[in-house]
Amino acid sequence: MITVETYADINQASAALGADSIYLGGGTLVMRALNYGEQNFSRIVRSTDPSLTQITMQGDRIQIGAAVTMASILAHPDLAFLAPVARQVGGPAVRNMASVGGNLFAEHPYGDLAVALLVLDGRVHLADGQEQDLEVFLAQRKGFNGIVASVSIARPNRPEDFRWLKISRTKPKGVSVMSIAAWLPAMAGRLQNPRIALGAMADTPMRAKAVEQTLEGATMDTAGIQNALTAIASQFNPPDDALASSWYRQQVAPIHLRRLLLNEGAGS
Amino acid sequence: MSKTPVSFTLNGRDTGVFVDGGANLLDALRRGAGDLSPKYGCGQGTCGTCTVLIDGEPHLSCLTLAETVEGRSISTTSGLQQGAQLHPLQQAFIDGFAAQCGYCSAGMLVAAKALLDTNPSPSRDEVIEAISGNLCRCTGYEPIIDAIMEAAAQMRSPGGLGRAV
Amino acid sequence: MSSVELRKEFFADERPEGLNEIGQPKIRQDILGHVTGRSEFYDDHLYEGLLHMSIVRSTEHHARIRNIDVSQAETMPGVVRIVRAADVPVNLNTLLGMIGFGRDDEALLQEKRVAYKGEAILAVLAESELQARNACKAVRVDYEPLPHVLDVEEALKPEAPVVNDEYPNNTFDYHDLYDHQKLRFGDVNKAFAECDHVVEGEYSMSPIEQAPLETCGAIAVPETNDRYRCHTCSQGLFFSLGTTAKLLDMPSSRLHFIGGTVGGGFGGKVDSLNEPMAVLGSMLTGRPVKFTWDRAEEMQVGAPRGAEKWRIRDGVMNDGRIVAREFTGFFDSGAYTRLSSYAVIKGTAHLPGPYSIPNVSSNVYCVYTNRTPATAMRGFGITGVDFAIECHMDKVAEKVGMNPIELRMLNAYRDGDMKPHRRLAKNTALLECCQVAAEKGQWAIGSQYSAMSSLRDGGGEKAAIPPTIIDEEGRIGERKAGRVADAAPSRNGKLSTKPNSTVPILEATMAMGEEANVPLEIGRQREAVENMPVRPAATVSSITRPVPPSSQPTSSTPVPAPPIPTPAVVSPAASPVSVSAFARPLGVPSAAPTPSAPDTAAPRQPVAEPQPAPTASPSPPSPAGPGVRRPGSSPFVSGRRGR
């Protein structure tokens, strides 16, 4: 038998979590598990804490509550640069439900938003006050049994430095063959601290650090990005799934990275 | 056994159901409230046949924990017609052959309604976007898109209502 | 709104105008229910005390089951009953048994040896869906994994593991003689030797899931008078009813099936697995039972359009005429037969596509592998090979440097042409389709092509069945024994000196559900055939009889029927001879049984050729009227239906 506990305060909810329980955010993951009898919990813990749905500006960073939905991101003027990402998660109904916090737990090949958060220096704020780098958090997410309260990201000085490309088989809504996010600040035509992350290329969204290194100080032209295209071909060992084989993903990754970096438009 | 009471409005009428812990809204509506219009298609958020409107916005009822709709307003295709009049969307679906097997229709119609309620003059691309979470295996979508465009035009015109059932 | 365009300038005199219904737009009769959410699908019925059925499925491609432990599952909360293989009264069936085709080869619940991942082992009935699922997770199945085969050509090798006990050669048995369906028309090898180019190609298709939005399911409810009501989404309501009656060993009069509202089927809702399980659950518990597949089950165990592989060899002249076409085709049936045996027959009838090619041969195999059983899907048997043929046409066009549309038109069939399966083509329209496609696609074609018509230049010599090379390669079991190397049609056939056959070899299966016109108990004759001292009469697929070219063939009597010959010898004690289940000699009035198969006729029998045993036809074509029961046909099915 399953029981549901609802707490007005996120700290109470956090305290109530145990080995037999799971935290319910937007529901798209937990309810799916329950529908398929794949649950390994008997208690569902949820919270109606208003802080979970808040979006706040904090200097050059933005704090996004874990229960903020894709639809809320789309509606928020300060998050306009993230709108292209949120718009490509599910259809309208999913976007009304799927949350920022839940996206961090979506299994391959889902979880496109987390790819974008990765390049934006995402940090995860837990209900118990701890803070973790998103990349570290994603790598350890399997055993996680707490509550994500919010995610904070850097706000790009120039929104156009943030780029996003999602490759899927169907339009306008489709699951990722891969997704690529890039934050490409430049000085005098040369990249400085570029950040690249890919979705659906590993068990979790991942930074492409070898690619980033090749782009440091590079110019954004065919010659400047050549090493990046070579690097990306070997950095990932993506999973096979119904959408694409590992081999296929490896083969097309350089092509899509080139299109993203040279602004050649979505090639999907 | 313990059941949890959940009360909400369904198509404008006060409704209450008792649900098992962990029950989804689709089950609560179908077996609890007896509204059989939303359908099970995948149980995982892929197909959209279970789409209902919660406070006017489309949600997937199969992934919605039933208890979370306490006090909220739910609309389904069962409540789409206005009295004896079909909703213009329903009429346009009929006239435009926008349903074949009919299994996706209830979800498709409320997804379309959510669009037209907030955007009376959608572009074709906006219609496609609005139903992008709703799969149809019979029609190839074109008749559905046409019908939604037609319904929008009807609703913009003065006195454009559906026919009596 | 509609993108459908009626091109009434074509065949105008074949279609009367002013019809009240045909050609007129109609509002669907059921659409008001669809748009108001009131159409009743099978799941739209609420019953107090409804139990939920969930299935324990094989996690292995192929394994012997050593032990099943349900001790924990049966004590779990909400569990009402565990349904085991022994609970199924007649736990062996084949879908086409309903029309007397093939042997029973598949259990509803399989507890001894599972042959594909996802095969049903047992069922749990519980008060809630979640409880049923939880109990299934608690069932412990001890598997002894066995070697498995997932590729059709691997499965044909002698060392391949046996997938299906009933067909130990991993191929369906055709006509109780061959491990494949033959089609022979003319002399392909001679044409290959004389043509300008030989163009070869291989084409493969993956399985395709029908993916209806409503997953397969059924609700069964005990009724009064010892009957069971069954709400189902079956595409073949009476097919499912008959199958359920057989598996549960009950008269169909005790079953009240309610269906007709199908939430998408596309062929995937004919396999009738949910209905018997739901009714069985209801019989065992006395309660309403729902057995529905979730989406994952629909994808994993819902039978898809099967994978196919085709090799095509064309003999082509420099001017683009295709003078020979040879097929080697493999249908991946998965672990059991379901409908693939029939898909092979249907596909064979389609060869060589909508073209008139004077020499055609094919070997097509229904192969068992340890994959999900395949079944029907929109045009199954045709779609895959059509994909192969049309890819190949482009390849041929490239080879001879021709406009691909003109190549198709040059080789297009026309009204009155003889198709290789001994049917005269009629109502052909490939030429007209090409003309419109070229116009719509703004693809230039020559004026002589624009002037072509399907109504002209067909028939005549093209109405004749050419002298045909036949062979007897690929007897059942020979391949498994390592005695047949190649799957392709024989290179060593010989011209039959017997008369050409006018037998439409696919007569009985042109419409699934039509009853065969000849003995349905063909399987029972197998032993007799194998014990025969001399070779049986040639199978209908390779019988030939010269037919004088008809100057004016008509569609109603495609080939003038020769007089029925008097058999030279009719032995009343003769062994049953192998006659295809699909054989009905053309031109023989079906209501007038003949005492002998025409092919055993003496007058043209060559002296040199080994004489078939003097035989009488084991059972002459029987009256083929609608609703006529035949020996061996299902007691549950009557009437005819076209598809």
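The values are calculated or read from the model by the stated rules, or taken from the named source; none is laboratory data. In this text the structure is predicted, and so the values were computed from the model without any measurement. Heads up, the Cβs are rebuilt from the backbone with ideal geometry, glycines too, and the neighbour counts pull from every protein chain shown.
Counting only strands (runs of 3 or more DSSP E) wholly contained in the range C:69-145, the ones carrying 2 or more residues that are free of Cβ contacts under 8 Å to residues at least 60 places away in the same chain occupy C:79-83.
Residue A:106 versus (1) buried (at least 21 other Cβ atoms within 10 Å of the Cβ); (2) not in a helix (DSSP H, G or I): which is the lone unmet condition? Of the numbered conditions (1) buried (at least 21 other Cβ atoms within 10 Å of the Cβ); (2) not in a helix (DSSP H, G or I), the odd one out for residue A:106 is (1). Going through (1) away from chain A (no Cβ under 14 Å); (2) modelled with pLDDT of 95 or more one by one, residue C:139 falls short only on (1). The residues listed here are B:151, B:147, B:106; of these, the one that is more than 10 Å from every other protein chain (Cβ to nearest Cβ), at negative phi and crowded, with 22+ Cβ neighbours inside 10 Å is B:151. It is to be established whether one or more residues within the range A:51-65 are basic (Lys, Arg), in contact (Cβ under 8 Å) with a residue 60 or more places away in the chain and over 23 Å from residue A:110 (Cβ atoms). Checked the range A:51-65: at least one residue is basic (Lys, Arg), in contact (Cβ under 8 Å) with a residue 60 or more places away in the chain and over 23 Å from residue A:110 (Cβ atoms). Pairing each residue of the range C:474-488 that is farther than 23 Å from residue C:326 by Cα with any residue that is surrounded by fewer than 14 Cβ atoms within 10 Å (Cβ to Cβ) and at pLDDT 95 or above, provided the two are 6+ apart or on different chains, yields C-beta distances under 7 Å for C:480/C:158; C:481/C:158; C:482/C:158. Of all residues in the range C:278-326, those that are among the charged types (D, E, K, R) and assigned to a strand (DSSP E or B) total 9. I want to confirm something. Restricting to the range B:1-52 and keeping residues that are farther than 15 Å from residue B:64 by Cβ and of a type in the set (A, V, I, L, M), which single residue is modelled with the lowest pLDDT? Result: B:1. Using the structure shown, decide if residue C:245 is crowded, with 16+ Cβ neighbours inside 10 Å, more than 14 Å from every other protein chain (Cβ to nearest Cβ), within 25 Å of residue C:304 (Cα to Cα) and touching a residue at least 60 places away in the same chain (Cβ under 8 Å). For residue C:245, the condition - crowded, with 16+ Cβ neighbours inside 10 Å, more than 14 Å from every other protein chain (Cβ to nearest Cβ), within 25 Å of residue C:304 (Cα to Cα) and touching a residue at least 60 places away in the same chain (Cβ under 8 Å) - is met. Going by what's in this entry, would residue C:287 be described as among the basic types (Lys, Arg), closer than 30 Å to residue B:100 by Cβ, away from chain B (no Cβ under 14 Å) and more than 20 Å from the chain's Cα centre (by Cα)? Answer is no for this residue. Between C:37, C:23, which is within 12 Å of another protein chain (Cβ to nearest Cβ) and on the phi > 0 side of the Ramachandran plot? Sole residue among the options that is within 12 Å of another protein chain (Cβ to nearest Cβ) and on the phi > 0 side of the Ramachandran plot: C:37.
Does residue A:115 meet the test of being crowded, with 24+ Cβ neighbours inside 10 Å, over 13 Å from residue A:28 (Cβ atoms), of a type outside the set (Lys, Arg) and more than 14 Å from chain B (Cβ to nearest Cβ)? When the stated conditions are applied, residue A:115 passes them. Residue C:180 meets the conditions (1) within 17 Å of the chain's Cα centre (by Cα); (2) under 28 Å from residue C:112 (Cα atoms); (3) buried (at least 22 other Cβ atoms within 10 Å of the Cβ) in every case but one. The failed one is (2). When we screen B:105, B:123 for residues that are free of Cβ contacts under 8 Å to residues at least 24 places away in the same chain and among the small types (Gly, Ala, Ser), the only hit is B:123. Within the range C:385-410, the set of residues being touching a Leu at 6+ places or on another chain (Cβ under 9 Å) and of a type outside the set (A, V, I, L, M) comprises C:394, C:408.
Confirm whether residue C:292 is within 14 Å of chain B (Cβ to nearest Cβ) and in contact (Cβ under 8 Å) with a residue 24 or more places away in the chain. Against the criterion (within 14 Å of chain B (Cβ to nearest Cβ) and in contact (Cβ under 8 Å) with a residue 24 or more places away in the chain), residue C:292 qualifies. Scanning the range C:464-494 for residues that are in contact with a helix residue (DSSP H, G or I) (Cβ under 8 Å, 6 or more places away or on another chain), assigned to a loop (DSSP other than H, G, I, E, B) and surrounded by 15 or more Cβ atoms within 10 Å (Cβ to Cβ) turns up C:468, C:471, C:472, C:487, C:489, C:493. Looking across the range B:1-25 at every residue that is within 14 Å of chain A (Cβ to nearest Cβ) and under 22 Å from the mean Cα position of the chain (by Cα), the one that is surrounded by the most Cβ atoms within 10 Å (Cβ to Cβ) is identified as B:25. Elements of the type helices (runs of 4 or more DSSP H) sitting completely within the range C:339-441 and holding at least 1 residues that are over 19 Å from the mean Cα position of the chain (by Cα): these cover C:383-400, C:404-411, C:430-440. Scanning the range A:148-196 for residues that are buried (at least 22 other Cβ atoms within 10 Å of the Cβ), closer than 25 Å to residue A:249 by Cβ and among the polar types (S, T, N, Q) turns up A:176, A:179. On the stretch given as the range A:143-171, residues that are hydrophobic (A, V, I, L, M, F, W, C) and in a loop (DSSP other than H, G, I, E, B) total 2. Given the structure, is residue B:42 assigned to a loop (DSSP other than H, G, I, E, B), within 12 Å of chain C (Cβ to nearest Cβ) and touching a residue at least 40 places away in the same chain (Cβ under 8 Å)? So residue B:42 does not fit the description; no. Right, residue B:32: in contact with a strand residue (DSSP E or B) (Cβ under 7 Å, 6 or more places away or on another chain) and more than 8 Å from every other protein chain (Cβ to nearest Cβ) or not? When the stated conditions are applied, residue B:32 passes them.
Scanning the range A:30-41 turns up one or more residues that are part of a loop (DSSP other than H, G, I, E, B), touching a helix residue (DSSP H, G or I) at 6+ places or on another chain (Cβ under 6 Å) and within 14 Å of chain C (Cβ to nearest Cβ). Quick check: is even one residue across the range B:63-75 within 13 Å of chain C (Cβ to nearest Cβ), among the hydroxyl-bearing types (Ser, Thr, Tyr), surrounded by fewer than 24 Cβ atoms within 10 Å (Cβ to Cβ) and closer than 22 Å to residue B:92 by Cβ? For the range B:63-75, residues within 13 Å of chain C (Cβ to nearest Cβ), among the hydroxyl-bearing types (Ser, Thr, Tyr), surrounded by fewer than 24 Cβ atoms within 10 Å (Cβ to Cβ) and closer than 22 Å to residue B:92 by Cβ: present. If you check residue C:206 against the conditions, is it under 30 Å from residue C:316 (Cβ atoms) and polar (S, T, N, Q)? Considered against the rule, which asks whether it is under 30 Å from residue C:316 (Cβ atoms) and polar (S, T, N, Q), residue C:206 comes out as yes.
Annotation note: of C:221, C:162, the sole residue that is outside any loop (DSSP other than H, G, I, E, B), among the hydrophobic types (A, V, I, L, M, F, W, C) and either in contact (Cβ under 8 Å) with a residue 12 or more places away in the chain or more than 22 Å from residue C:360 (Cα to Cα) (or both) is C:221. Does residue A:52 satisfy the criteria of being crowded, with 19+ Cβ neighbours inside 10 Å, outside any strand (DSSP E or B), within 14 Å of chain C (Cβ to nearest Cβ) and not basic (Lys, Arg)? No; evaluated as a whole, the condition is false for this residue. Would you check if residue C:70 is over 24 Å from residue C:241 (Cβ atoms) and either small (Gly, Ala, Ser) or touching a strand residue (DSSP E or B) at 6+ places or on another chain (Cβ under 9 Å) (or both)? Against the criterion (over 24 Å from residue C:241 (Cβ atoms) and either small (Gly, Ala, Ser) or touching a strand residue (DSSP E or B) at 6+ places or on another chain (Cβ under 9 Å) (or both)), residue C:70 qualifies.
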